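Any read-out appearing in this document is the output of simple, stated calculations on the displayed coordinates, not a laboratory observation. Predicted model, so just to flag it, every value in this text is computed and none were measured. Please note: Cβ atoms are built from the backbone with ideal geometry, for glycine as well, and neighbour counts cover all protein chains shown.
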Amino acid sequence: MRAPSLKSSYRLFWMTISEPRSPGPSPAATQPPPALARRFGGRSNVFSAMDRAKAEARRRHGDHLIDLSLGCTDQPPPPQVTAAMAQALGQRSSAAYCLHAATRPLRASVAAWIRRRFAVAVNPDTQVLLLVGSQEGTAHFPLAVLEPGDHGLVLDPGYPSHLGGLQLASARIHRLVLDPEDGWRPPFTSLSHGEREALRLMVFGFPHNPTATVGCQDWLDEAMAMARHHDILVAHDNPYVDLALDGEAPCLLCSPGWQERGIEFFSFSKSWCMGGFRIAFAVGAAPLVQALQQVKAWIDFNQSVAIQSGAMVALDQLEDWPARLRRLYRRRRDHMVQALAAAGWPVTPRPMALYLWDRLPVAAGAMDSLSFCLKLVRDTGVALTPGSGFGAAGQHHVRMALVAEESRLTEAAQRVEAWLNTF
Ligand SMILES: Cc1ncc(COP(=O)(O)O)c(C=O)c1O
């Protein structure tokens, strides 16, 4: 008998280890599904539905997809940043675990940047912490300060990690609904005395994603005054601090009281286009920073020293670099607003860079934001973000991230126009 070929003996081996010897019900059919944590029961499926629709559009049309649904810039980081990271990559320390002490140089750069930028003195040893992202920081922070069942507040609409962080910590969640008629200002004064007394933590951020509202210092002062009066902690997510087009971005570190009960999250993702490198930092009251550090110490190590080298170049040498992004996004914003107006969808320019946010066009009738965006991407290959992904208050809105060249934005608006004409 001839020896089996290599291929067929491999097939034989594979069949022995992978195929059941006798037919019968598969284990999956006989066992109940594993129990999953109930605390995520209310998780929105808006983003996964959009992901599936985009993947399908990509499969069918390839380059045809114009994806304006993610706040992920199409711009490269500063070359000085990537050069510094490339150089540091060769060092042995870049491949080693990075303990907190080794983040000291970056924390010193952060403290110097805060002093120059906001004229506020912070201690790099006790008030600054390196993060993977401001998303990671805001998601982990409630674990550090809340007991299960404690009350936490988020804005509706608001950034999903704010809600997710409270859910991770098994908090009781209050949603403070923003009103377009009031310029998306958080109505802190609408909270009853009882609600204020019950609250332990508020998580929110201005400039605000998704409404592209810049906000103002008074709003943070008001939140902080309430927090001081009712013994509440304030976590302010500020990755867009450099992306105000009109007005000045507020900063929690400029509001009295942050040294006792505030923590603010900054990021390199938006200002220096480093989102994929994953690096950010928190600055705040020493006990809060320490508590977050403790949680993170159980979960992970710090980002590589190589990435930190790039981040230091950004803070130390390229503080003004984000100005070019503001010019770029302003041009794109004005261009897209005009293109959409020509397409029969009047959209109001927003004061914050990167996003447009507005109501669904009149032609959409009674459609909700998810049905609108799913149909739009399937029919035209233009992907926008359903406002409902950011909370029920976004139900009738959509967000557009201006992360494509102007010619692509024009193309997107033209496809939307042709599509709306079929309604
Ligand atoms: C409000 C807000 N926070 C955090 C993030 C994520 O930032 P990072 O890349 O630093 O995690 C985003 C990204 O879109 C955001 O809009």
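Numbers at a glance
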read-out: Estimated Rh, the stretch 228-272: Kirkwood, alpha-carbon pairs, angstrom; value: 11.6
read-out: The stretch 79-317, Rg to Rh (Cα coordinates; Rh as Kirkwood inverse mean 1/r); value: 0.97
read-out: Options A139, L233, P180, ranked by Cα towards positive dipole end of the stretch 79-317, top entry (Cβ charges); value: A139
read-out: Binned Cα-Cα distance frequencies in the chain - 20 Å width, integer %; value: 24, 51, 21, 4, 0
read-out: Those chymotrypsin sites (Phe, Trp or Tyr not before Pro) in the stretch 190-274 that DSSP places in a loop and that have at most 13 other beta carbons within 10 Å; value: none
read-out: Top of S190, S269, S304 by mean-square fluctuation, Gaussian network on the chain, Cα under 10 Å; value: S190
read-out: Largest to smallest principal axis extent of the C-alpha atoms in the stretch 108-158, angstrom; value: 38, 25, 19
read-out: Rel. contact order, % - alpha carbon contacts under 8 angstrom, at least six apart, the chain; value: 22
read-out: Rule-of-thumb Rg ratio for the stretch 186-280 [Cα; 2.2 N^0.38 Å; N residues]; value: 1.12
read-out: GluC sites (Glu not before Pro) lying in DSSP loop within the stretch 248-355, provided at most 13 other Cβ fall within 10 Å; value: E248
read-out: Net lengthening on full extension, A225/H61 (0.36 nm per residue, minus Cα-Cα); value: 53.8 nm
read-out: Nitroxide proxy distance, nm - points 7 Å out along Cα→Cβ at E248 and Q294; value: 3.7
read-out: Calculated diffusion of the stretch 253-380, Stokes-Einstein form, Kirkwood radius summed over Cα pairs, 4 °C and 1.567 mPa s, µm²/s; value: 70
read-out: Computed lengthening from A342 to A96, 0.36 nm per intervening residue step minus Cα-Cα distance; value: 83.1 nm
read-out: Bins of 10 Å, starting at 0 and running to the largest distance - Cα pair percent for the stretch 306-410; value: 14, 38, 27, 15, 6, 0
read-out: 222 nm mean residue ellipticity, helices alone, for the chain (DSSP H n ≥ 4; -39,500 (n - 2.57); rounded to 500); value: -13000 deg cm²/dmol
read-out: Label-point separation in nm, D218 to Q317, each point 7 Å along Cα→Cβ; value: 4.2
read-out: √(5λ) per eigenvalue of the Cα gyration tensor, the stretch 69-211, largest first, Å; value: 34, 20, 16
read-out: Contact order normalised by residue count of the stretch 79-317, Cα under 8 Å, 6+ apart, percent; value: 28
read-out: DSSP-defined beta bridges in the stretch 79-317 - what % are antiparallel, rounded to 5; value: 35
read-out: 5 Å binning of all Cα-Cα separations within the stretch 141-235, expressed as whole percents from 0 upward; value: 3, 14, 26, 26, 20, 9, 2, 0
read-out: Excluding exposed DSSP-loop trypsin sites (Lys or Arg not before Pro) (at most 16 other C-beta within 10 Å), longest clean stretch of the chain; value: 44-423
read-out: Stretchable slack from D51 to S192, in nm (0.36 nm times residue separation minus alpha-carbon distance); value: 46.9 nm
read-out: Of all DSSP beta bridges in the chain, antiparallel share, percent nearest 5; value: 45
read-out: P(r) tail fraction, the stretch 166-210 - alpha-carbon pairs more than 18 Å apart, %; value: 37
